[in-house]
Every structure is written in structure tokens, then in C-alpha cells.
Amino acid sequence: HQGIGGFGASSAQYLLVEKFLNDKRQTQVSSLDRLSSYRRYAKGVSAKRLPSGADYLAQGLEGLVLVDTKNATARKIDWPFQDWCVRAIRTTFKVPTHKHLNDKLAIPTSLLTPLVEEAILAIKNNDISVLLQAVNEYSKVLQMANLQHEGARQIVSDLNSELRHSGVSKFALKGCGALGADVIILIHERSHLSIIENLSRLKNLRHMEIL
């Protein structure tokens, strides 16, 4: 992405070097120990918090991946919604994770965790309405907690208004990356692709289908 960063580039590089060294040494390291080592490395010397390591765990798989950082596991799950797709919309913003981890963050995990569980269950039950609701509510909770990059939040707000104005009523929007700055995820019906493409051209936004 022309040096802008994001999309787990640093963790992918780490994973590549780690695999090369482990293969060369012919060593077997547990997933928990590997995750612990990565989190200490990614934290650096100045950050006050350890990163979750979710991007690191998911790098070895493709498609939709369910990550459990507590147990250092990741597994691929199916996307059951054939008439719906997930689109990544690139912003021009990037918040370096190691700097973000230095900030004092009041993360409302008691509100966010149930929404994650709700979204996972919705995918298992093939319930797109519940999934859209969970993703949109997650985004709202982050916004209320002041955990969204202002520029990315504005893009989400603009897209939300423009999509509804264009007659699209069912969709989900959420920023991803540190403070939701790197990329915006849009879940929409495939039949609305032309509307999405027109809006992206008007706003000069790069996008691609990822699911």
C-alpha cells in the first residue's frame, strides 16, 4: 500500500522470520510461547501495554479467521452468506500501534465482548441481521468510548449517510486497525456493488472484496 502501512504488515514479516528461524533450528515452540514472544517484540521498549497479537495469530490462515488470544489459537471458519460480501475500504490514515499502546485507554470490554460472541453466533446460525447489528453496535461502543480516529469516523459517518440516501438500508460499517484508522470494513449485499463503486469513486476511496 505504497508505504502507508496497515493490514498486519509488521506481524506478517515477524511470522516469516520466525518460521525461517524455527525451521532452521528445528525447534518446536508452543503457540502460547510464540504469542508471548511476539507480543513482547511488538510492544517495543516504550509502549505501556502489550498488543493482543490477534493479527499475528491470524496471518497463517486466509479468509475468515476466529482468533482466541487467551489460548493462542486461530481457526478458519466459513462465511455462510452467499449474497453478502465483506469489503475493505482503505483510508489514508494510520495510527502506529506501538504509539497507540502508550495512550491511556479505557476499553469497555464488558460491552464489546458480548457483541463479539453475538457476531460469532450469528455467523454459525447464518443470521445476517444479527451479524450486522452486532458489528454496527461494536462500532458505536468504540465511538462512545472515544476510541475511533476522527478522520476514519467521519468516513464511516459519510458512507452511512450516502448509502441510506442511495436506498441501501441493511449494511454494517466498522473501522479496523489502531483506533479504527487503517481500513473500514463494509458488509453489504452483492446486489449493491454498483452503488458502492460509485460512492467510492466520488469519494476517491480504494476498496476490495475480501470475503
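The values are calculated or read from the model by the stated rules, or taken from the named source; none is laboratory data. Here the structure is a predicted model, which means the values were calculated and not measured. Using ideal geometry, Cβ is built from the backbone for each residue, glycine included, and neighbour counts are taken over all protein chains shown. For the accessible areas, the whole protein counts, side chains as well, though only heavy atoms, and no ligand, DNA or RNA atoms are used. Shrake-Rupley method; radii C 1.70, N 1.55, O 1.52, S 1.80 Å.
Please verify whether Val86 is open to solvent by less than 30 Å² (accessible area, probe 1.4 Å), within 24 Å of Ser11 (Cα to Cα), at pLDDT 95 or above and β-branched (Val, Ile, Thr), treating the condition exactly as stated.
yes
I need a count of the residues in segment 132-180 that are among the β-branched types (Val, Ile, Thr), within 15 Å of Ile89 (Cα to Cα) and more than 15 Å from the chain's Cα centre (by Cα).
1
So which of Thr97, Thr92 ends up being open to solvent by 40 Å² or more (accessible area, probe 1.4 Å), modelled with pLDDT under 95 and under 26 Å from Lys76 (Cβ atoms)?
Criteria check complete, one pass: Thr97.
Given the criterion modelled with pLDDT under 85 and either open to solvent by less than 40 Å² (accessible area, probe 1.4 Å) or of a type in the set (S, T, N, Q) (or both), identify the matching residue among Ser31, Ser110, Ser36, Ser46.
Going through Ser31, Ser110, Ser36, Ser46 in turn, the sole match is Ser46.
In segment 120-150, what residues are open to solvent by 90 Å² or more (accessible area, probe 1.4 Å), more than 17 Å from Ile107 (Cα to Cα) and among the aliphatic types (A, V, I, L, M)?
If the condition is that a residue be open to solvent by 90 Å² or more (accessible area, probe 1.4 Å), more than 17 Å from Ile107 (Cα to Cα) and among the aliphatic types (A, V, I, L, M), then Leu121 is the only one that fits.
Quick check, is Ala172 open to solvent by less than 40 Å² (accessible area, probe 1.4 Å) and of a type in the set (A, V, I, L, M, F, W, C)?
yes
Which of the residues that make up segment 54-98 are over 17 Å from Lys174 (Cβ atoms) and in a helix (DSSP H, G or I)?
The answer is Tyr56, Leu57, Thr97, His98.
For Lys203, indicate whether it is touching a helix residue (DSSP H, G or I) at 6+ places or on another chain (Cβ under 8 Å), in contact (Cβ under 8 Å) with a residue 12 or more places away in the chain, open to solvent by 80 Å² or more (accessible area, probe 1.4 Å) and not β-branched (Val, Ile, Thr).
No, not satisfied.
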